[in-house]
Amino acid sequence: MENRKAVYFFCMDAEKDEVAPLVFEKSSEILKLSETDMEVDGYPVLEYTDGDGNIIYYVRTGTVICMDYGRYLPILNANFADCDLAVMVNWHGGGNAPDKVICIHTVGDVSSGIFGKSEPKLSTGLARALEKHRRLLGLEDFNVTTEATHWSGIVYGGKAEWINDYKVSFLDVEIGSTPESYNNPIAVETIARALADVFAETAEYPTVLYMGGMHFEDTITNAVLHPTHPVNLTHILPSRWLENEMYTGEEGLLHLMDCINTISGGIKGIVMHEKLGKDQRDLARMLAEILGVPLIKRKAFKSPENTEIYAAN
């Protein structure tokens, strides 16, 4: 198999990001990182080669890249366009944000119908590596959790169209959601060790599109982290961004097909939250019928091993 590449971004300004500098420093401590001939924001780009010959770039930046994405886009495309995965490491916050969590999510703007490329196998490998190292390091008071698909660049004036100007699958990995959690050394080490394991997962799991529910939806998190019958992590579309006219009828089908077309390998099923709006539930049924994949209700998905996606596999 051809060697693969990943690239990770760390804002080194602790006033803008309390998490990223700590994860970078821990990575430097536990891994053998070497300098490349590339440079970003005055920092030499470092690289790590895993035991299988895969290369991971560690890129330090002067600010969180989503805060100034227009400036960073040419850098990403000039230096890291051949990567299989990109990850921005940062913090998680917000008014009702849960604490003591390590979050992972794909990038897209559901409200605009714009979705970044998704590589479910790598997303899942990283999510499960986070859970593995959380357990190994004894981080019992934290949970690994998936988040709904979104892009923080919108908050900082970025254009949703920029999401697809970089063709590499992008993830955010974050610690939330208080300064105490941001500075938890075991949470920091959990991310540092998981990042180095991004290519370690070799198993094949089915991919599903999850429609409805909350921003942090335990059902899909538990399915991704299921000990024996997991599903792949890809785009997660919460109710609050789906329940509008844009996701109804023919237009809605087109937007959802656009989403699915960004997912490498396609999907094996659609999971629908029972409390999703009627128009969107109808859309999920139509989409499942068009694609010829099972439509699974959230309650049934709590036991993925008993659903059609595993019966079919």
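For segment 211-228, a tally of residues being of a type in the set (A, V, I, L, M) and out of contact with any strand residue (DSSP E or B) (no Cβ under 9 Å at 6 or more places or on another chain) returns 1.
Here is a yes/no grid of residues against (1) in the same structural domain as Ser118 (by the TED database); (2) within 20 Å of Val168 (Cα to Cα); (3) among the hydroxyl-bearing types (Ser, Thr, Tyr); (4) free of Cβ contacts under 8 Å to residues at least 40 places away in the same chain:
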{"position": "Gly212", "(1), (2), (3), (4)": "no, no, no, no"}
{"position": "Glu217", "(1), (2), (3), (4)": "no, no, no, no"}
{"position": "Ile220", "(1), (2), (3), (4)": "no, no, no, no"}
{"position": "Ala223", "(1), (2), (3), (4)": "no, no, no, no"}
{"position": "Asn232", "(1), (2), (3), (4)": "no, yes, no, no"}
{"position": "Gly252", "(1), (2), (3), (4)": "no, no, no, yes"}
{"position": "Ile263", "(1), (2), (3), (4)": "no, yes, no, no"}
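When Lys275, Lys268 are checked against the criterion of being open to solvent by 60 Å² or more (accessible area, probe 1.4 Å), over 23 Å from the mean Cα position of the chain (by Cα) and closer than 25 Å to Thr307 by Cβ, Lys275 stands alone in meeting it.
Screening the candidates Ala187, Ala284 for the property of being open to solvent by less than 10 Å² (accessible area, probe 1.4 Å), touching a residue at least 12 places away in the same chain (Cβ under 8 Å), assigned by the TED database to the domain that holds Pro120 and part of a helix (DSSP H, G or I) yields one hit, Ala187. Considering segment 68-98 alone, what residues qualify as being within 23 Å of Ala194 (Cα to Cα) and of a type in the set (Val, Ile, Thr)? If the condition is that a residue be within 23 Å of Ala194 (Cα to Cα) and of a type in the set (Val, Ile, Thr), then Val87, Val89 are the ones that fit. Within segment 21-46, residues that are closer than 19 Å to Tyr72 by Cα and in contact (Cβ under 8 Å) with a residue 12 or more places away in the chain reach partners that are open to solvent by 50 Å² or more (accessible area, probe 1.4 Å) and outside any strand (DSSP E or B) with beta carbons closer than 7 Å, at six or more positions or on different chains, in the pairs Met38/Asn79.
Among the residues of segment 114-125, those identified as open to solvent by 10 Å² or more (accessible area, probe 1.4 Å), of a type outside the set (Asp, Glu) and either in contact with a helix residue (DSSP H, G or I) (Cβ under 9 Å, 6 or more places away or on another chain) or part of a loop (DSSP other than H, G, I, E, B) (or both) are Ile114, Lys117. On the basis of being assigned by the TED database to the domain that holds Thr145, within 23 Å of His133 (Cβ to Cβ), touching a residue at least 24 places away in the same chain (Cβ under 8 Å) and among the aromatic types (Phe, Trp, Tyr), does Tyr57 make the cut? When the stated conditions are applied, Tyr57 passes them. The set of residues from segment 197-239 being in contact with a Leu (Cβ under 6 Å, 6 or more places away or on another chain) and either open to solvent by 40 Å² or more (accessible area, probe 1.4 Å) or under 30 Å from Glu47 (Cα atoms) (or both) comprises Val198, Val224. Quick check on segment 156-166. Is at least one of its residues among the basic types (Lys, Arg), assigned to a loop (DSSP other than H, G, I, E, B) and either open to solvent by less than 60 Å² (accessible area, probe 1.4 Å) or out of contact with any strand residue (DSSP E or B) (no Cβ under 9 Å at 6 or more places or on another chain) (or both)? Scanning segment 156-166, I find at least one residue that is among the basic types (Lys, Arg), assigned to a loop (DSSP other than H, G, I, E, B) and either open to solvent by less than 60 Å² (accessible area, probe 1.4 Å) or out of contact with any strand residue (DSSP E or B) (no Cβ under 9 Å at 6 or more places or on another chain) (or both), so the answer is yes. Of the residues examined, Asp84 is one that is under 30 Å from Val231 (Cβ atoms) and in contact with a Lys or Arg (Cβ under 8 Å, 6 or more places away or on another chain). Looking across segment 92-102 at every residue that is surrounded by fewer than 24 Cβ atoms within 10 Å (Cβ to Cβ) and touching a strand residue (DSSP E or B) at 6+ places or on another chain (Cβ under 6 Å), the one that is modelled with the lowest pLDDT is identified as Ala97.
The values are calculated or read from the model by the stated rules, or taken from the named source; none is laboratory data. Because the structure is predicted, anything quoted here is derived from the model rather than measured. Using ideal geometry, Cβ is built from the backbone for each residue, glycine included, and neighbour counts are taken over all protein chains shown. Heads up: the accessible areas ignore ligands, DNA and RNA and are worked out on the full protein's heavy atoms, side chains in. Shrake-Rupley method; radii C 1.70, N 1.55, O 1.52, S 1.80 Å.
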